[in-house]
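Beneath this line is the structure, given in structure tokens, with notes to follow.
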Amino acid sequence: MAKIVECVPNFSEGRRPEVIGEIIREIEAVQGTTLLDSEMDKDHNRAVVTFVGEPEIVEEAAFRAIKKASELINMEEHQGEHPRMGATDVCPFIPVSGVTMKTCVTMAKRLGERVGNELEIPVYLYEEAATRPDRQNLAVVRKGEYEAIRDEIAANPDRKPDFGPLKTHPRAGAMAIGARQFLVAFNVYLNTQNLDIAKKIANAIRFQTGGFRYVKAMGFDIKERRQMQISMNLVNYHGTPIFRVYEAIKAEARRYGVTVTSSEIVGLTPLDSMLQVADYYLGLENFSSEQILESKMKSPKLTAKIFMKEFIEQVQSKEPTPGGGSVAALGGALGAALGEMVCRLTIIKKQYADVKPEFQDIRRKLDLLRNELTYLIEKDARSFDEVMLAMKKPKSTEHEIKIRDAAIEEATKRAASVPVEVMEKTVEVMELLPTVAEKGNVNSVSDAGVANLMAKAAIEGAALNVRINLGGIADKAFADDLSSGMTRLLEQGAKFYEKTKKIVNGKI
């Protein structure tokens, strides 16, 4: 089972999409992360970002996001409806598969120490990672919000952070890092402009003031909508399901002569939480998640078929990405995959027992290379998008032109570097293929030949993408190094290609 952790950092910025865009790019720049969702709220002036990956990868991406937020968000200027204490307000880790809560707690503590030491941001551990019972509740940690923490952190022992200095960061404030189970962020809107009513209803359903065990709730005035909002975190949707809270809010609202107008889920939510709602309101009998069409459609073969169809459709569209660079990376990944297939078809045959250990090692290497090349498919498209974004920067003044030119230069360097990575990884694939063709299952030697051809197309296609970007790079030394590296990799690839080709043709 894959080791997957979810991270859901909340940032104190909901009105400048370009800021959240830069933070997300920091997350996605870490190889192996997958962005699942990003939502911004202008009234709360807050953004919620959700991404997943293996533990070490997620931890690194979280650090980079926190660092970037500390550079772009100034808490001295921040205003919004939602309680907040820092540029990155909270950063929880949630176990998804193959990891325990203990792993997430360790991640929280390690990240907290790094943020405190390297970024000098005070860090409070909360929920399952809390070092004190009273800090399990985020509301206690964040009491008084940024301003109170800023004014009290040095003098009040109860405000002493788990990591970092006894003063708030001059821009980023303080933050909470923790580990928790999945929660549902659920908001309900009321057709009233009376904030007192919203607060009374929130008090009635919130656990801290006598309500449901797994509910945290507050009442807010959403001025843009001219309505009140009950904003909630359901920290255990099995213990306190959505429908129970919703019905309780409707009942409380009737007491004050108001009604519920709508509700919303913020960010992602588990399917089970929605099935509970459907089951309650429809009175379903013997219903299970296996009856959900999408559940049946998650078979590996069907998922792969859908992905490939969508990818090909994206390539043929008028959009510039994914383009030739991504297709070249895909060619390298397919070459590695075919090499793996030959290895597996060799390992399972008794007559090839003498090469089994060697082919098990080759298969592991090809598996790693295939995953790296698959990641580069997306990375290549993203690097081109960054060039386009840099070109859209303002250029009305000399200062703006200077900033724009520098951004284009850096983005173009990255765009030229990605296909070099594709070439490097593909050469490593090609280096393994002569052995696969020579010693592998003879009935699959044609597959080794096709793997060789795919790798050749990948390396030459990637080289074209390096060359087209070199002309846009002003840094001659950088461009020369890239060009010489490209030439060297082409020569290596050609050597391995001819070697494998000769072996394959000799066996067919």
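The values are calculated or read from the model by the stated rules, or taken from the named source; none is laboratory data. Just so it is clear, the structure is predicted and the values come from calculations on it, not from any experiment. We place every Cβ from the backbone using ideal geometry, glycine too, and count neighbours over all the protein chains shown.
Odds and ends about this structure:
- Tyr189 vs. criteria in contact (Cβ under 8 Å) with a residue 60 or more places away in the chain, among the aromatic types (Phe, Trp, Tyr) and not assigned by TED's automatic domain parsing to the domain that holds Glu264: no
- Qualifying residue in segment 330-352 (condition: within 23 Å of the chain's Cα centre (by Cα) and within 20 Å of Met430 (Cα to Cα)): yes
- Test result for Lys216, surrounded by 15 or more Cβ atoms within 10 Å (Cβ to Cβ), more than 32 Å from the chain's Cα centre (by Cα) and among the basic types (Lys, Arg): no
- Residue within segment 70-84 that is hydrophobic (A, V, I, L, M, F, W, C), in a helix (DSSP H, G or I) and within 24 Å of Ile222 (Cβ to Cβ) present: no
- Residue identified as at pLDDT below 95 and of a type outside the set (Phe, Trp, Tyr) among Glu152, Glu224: Glu224
- Candidate set: segment 173-212, residues that are among the small types (Gly, Ala, Ser) and part of a helix (DSSP H, G or I); chosen: the one farthest from Glu145 (Cα to Cα): Ala204
- Among the criteria (1) free of Cβ contacts under 8 Å to residues at least 24 places away in the same chain; (2) under 30 Å from Val260 (Cβ atoms), the one Glu147 does not fulfil is (2).
- Of all residues in segment 359-404, exactly one satisfies the criterion of being farther than 26 Å from Ile312 by Cβ, touching a residue at least 40 places away in the same chain (Cβ under 8 Å) and not hydrophobic (A, V, I, L, M, F, W, C), namely Lys365.
- Where a residue in segment 122-138 is in a strand (DSSP E or B) and its partner, wherever it lies, is surrounded by fewer than 17 Cβ atoms within 10 Å (Cβ to Cβ) and among the basic types (Lys, Arg), with Cβ under 9 Å and at least six apart: Leu125/Arg132
- Of the criteria (1) out of contact with any Asp or Glu (no Cβ under 7 Å at 6 or more places or on another chain); (2) crowded, with 23+ Cβ neighbours inside 10 Å; (3) closer than 21 Å to Asp367 by Cβ, which one Val466 fails: (3)
- Residues of segment 178-192 classified as at pLDDT below 95 and more than 27 Å from the chain's Cα centre (by Cα), total: 0
- Output for segment 154-172, where each listed residue is without any contact (Cβ under 8 Å) to a residue 60 or more places away in the chain, among the hydrophobic types (A, V, I, L, M, F, W, C) and either part of a helix (DSSP H, G or I) or buried (at least 17 other Cβ atoms within 10 Å of the Cβ) (or both): Phe163
- Residue match in segment 497-504 (condition: assigned by TED's automatic domain parsing to the domain that holds Leu330 and surrounded by fewer than 16 Cβ atoms within 10 Å (Cβ to Cβ)): yes
- Test result for Ala416, closer than 21 Å to Thr321 by Cβ and touching a residue at least 60 places away in the same chain (Cβ under 8 Å): yes
- Top-ranked residue of segment 225-241 - restricted to ones that are among the hydrophobic types (A, V, I, L, M, F, W, C) and touching a strand residue (DSSP E or B) at 6+ places or on another chain (Cβ under 6 Å), ranked as farthest from Gly211 (Cα to Cα): Met228
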